[in-house]
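Engineer: Take a look at the following structure, please.
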Amino acid sequence: MTEASDKAIELTIVVPTFCERENIDPLLKLVNEALEGIAWEIVFVDDNSSDATAQRVWEIGRHDCRVRCLKRVGRRGLSSACIEGMLSSGAPYFAVMDADLQHDPALLPNMLKKLREGNADLVVASRYMPGGSVGEWDAGRVRASDYATRMARLITRQPVSDPMSGYFMLRREVFETALPNLSSLGFKILLDLIASSPVPLRMTEVPLKFGSRLSGQSKLSNKVVWEFILLLGDKLVGRYIPVRFLAFGVVGATGAGVHFAVLGALFKGLSLPFSVGQGAAVVAAMTYNFTINNLLTYSDVSLKGRRWWRGLVSFLAICGIGAIANVGIAAFLFERHEPWPVAAIAGIFVGSVWNYAVTSRYTWKV
């Protein structure tokens, strides 16, 4: 790579990484070739990769001040990584791209040119406009992407052919204006930005031919799909009710099924006393709720190792208090001649709000 320029940084490229060590050097070579004559920097935001991705970036950064790394420990998520990367820079323009070389760095100069001309706030590298392609995707992934794109248009409120793209460039003002409304959920930061902007954005697109992955594995998983659903939910109803609370409630409802399954197995199946079966069912359901919430509702701050066990104890203690509050509120209202369904629902609501609010703060520290 060439020596760093003394000019003020015009463009910051934010690259979220997780186990991408083998991709760092090839990507930097291509970026350096594409942006010759432009004052740029690149910020890798690494979610504590086990393959020493951050260490490789730091090694390069010792000799080239344009290359930086933010290493995050204890939290994950592509959207939040992009947000932190942009917040770390004072550049007037930001680009976001992946590290796996499926996003062609040769598009960067043209994207920057369109922003410099002043006719666009956001430039999207689109796989679905004429000249673009999804590369070597199989038919199943193409159908899934098409369906997700259709769902995304429910919240964009603006015409864009590829709202799910992970490769785009924007003005700093666009990011700062949208920042208070960003949910930082999931992996589609572009969709979050468009949906969070308080004013319509002037958008333009350039064709992207999706390349082959150089190294590493795709991040697409069932958890990613769940996070996408959370993002949609946040943008559709988040102004009225926290989407994590909705997810927490859904998990709690399925936990009720676990409760009755355990109770039935012990009380009816093994003929144990009802109180024994009920107690075991409560613990089993709470443990299930904690495990699923840790995996899905709080996937960006999920607890592991010893922290998982401490979190479980905290969750059981807090939800135990919530159960007492549930019963107490319901009994209080029933004694005052409220219909029993109303009393029961009130107790459930109070207990659920307590469980969500307090475990968010003390178990997952959100």
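The values are calculated or read from the model by the stated rules, or taken from the named source; none is laboratory data. None of these values were measured; they are calculated from a predicted model. Positions of Cβ are backbone-derived with ideal geometry, glycine not excepted, and every protein chain shown enters the neighbour counts. Note: accessible area is taken over every heavy atom of the protein model, side chains too, but ligands, DNA and RNA are not part of it. Shrake-Rupley method; radii C 1.70, N 1.55, O 1.52, S 1.80 Å.
Engineer: Residues of region 233-366: accessible area per residue at 1.4 Å, in Å²?
Structural biologist: 58 Å²
Engineer: Taking the chain as a Gaussian network, Cα atoms linked when under 10 Å apart, which of ARG244, ARG76, ARG56 shows the biggest mean-square fluctuation?
Structural biologist: ARG56
Engineer: Next up: Would you mind checking which residues have amide H under 5 Å from ASP98's amide H? H placed 1.01 Å from N; only 5 or more apart, or other chain.
Structural biologist: HIS103
Engineer: By the gyration tensor of its Cα atoms, with a ≥ b ≥ c the square roots of the eigenvalues, what is the shape of the chain: rounded for a/c under 1.5, prolate for a/b over b/c, or oblate?
Structural biologist: Prolate, since a/c reaches 1.5 and a/b exceeds b/c.
Engineer: So what J values fall out for region 159-175 if you push phi through Karplus, 6.51 cos²θ - 1.76 cosθ + 1.60 with θ = phi - 60°, rounded to Hz, Gly and Pro as x?
Structural biologist: x, 8, 6, 9, x, 9, 5, x, 10, 7, 9, 8, 6, 4, 4, 4, 4
Engineer: Going by amide H atoms built from the backbone, whose H comes under 5 Å of the H on GLY132, apart from near neighbours?
Structural biologist: Result for GLY132 returns LEU208.
Engineer: Starting at the first residue of region 328-343, write each ³J(HN,Hα) from the Karplus equation 6.51 cos²θ - 1.76 cosθ + 1.60 with θ = phi - 60°, in whole Hz, x for Gly and Pro.
Structural biologist: Result, ordered by residue: x, 5, 4, 5, 4, 5, 5, 5, 9, 6, 6, x, 4, x, 5, 4 Hz.
Engineer: Taking amide H positions as placed in the peptide plane 1.01 Å from N, state which residues far from ASP46 in sequence (5 or more) or on other chains have amide H under 5 Å from it.
Structural biologist: The list, which skips near neighbours in sequence, is THR17, LEU70, LYS71, ARG72.
Engineer: Would you work out which of LEU107, CYS319, ALA281 lies farthest towards the positive end of the dipole of the chain? Charges go on Cβ: Lys and Arg +1, Asp and Glu -1.
Structural biologist: So the residue furthest toward the plus end is ALA281.
Engineer: Something else: How do 9-17, 112-120 rank on mean C-beta neighbours within 10 Å, highest first?
Structural biologist: 9-17, 112-120
Engineer: Hey, another quick one. From the square roots a ≥ b ≥ c of the eigenvalues of the alpha-carbon gyration tensor of region 36-146, which class results: rounded (a/c under 1.5), prolate (a/b over b/c), or oblate?
Structural biologist: Oblate.
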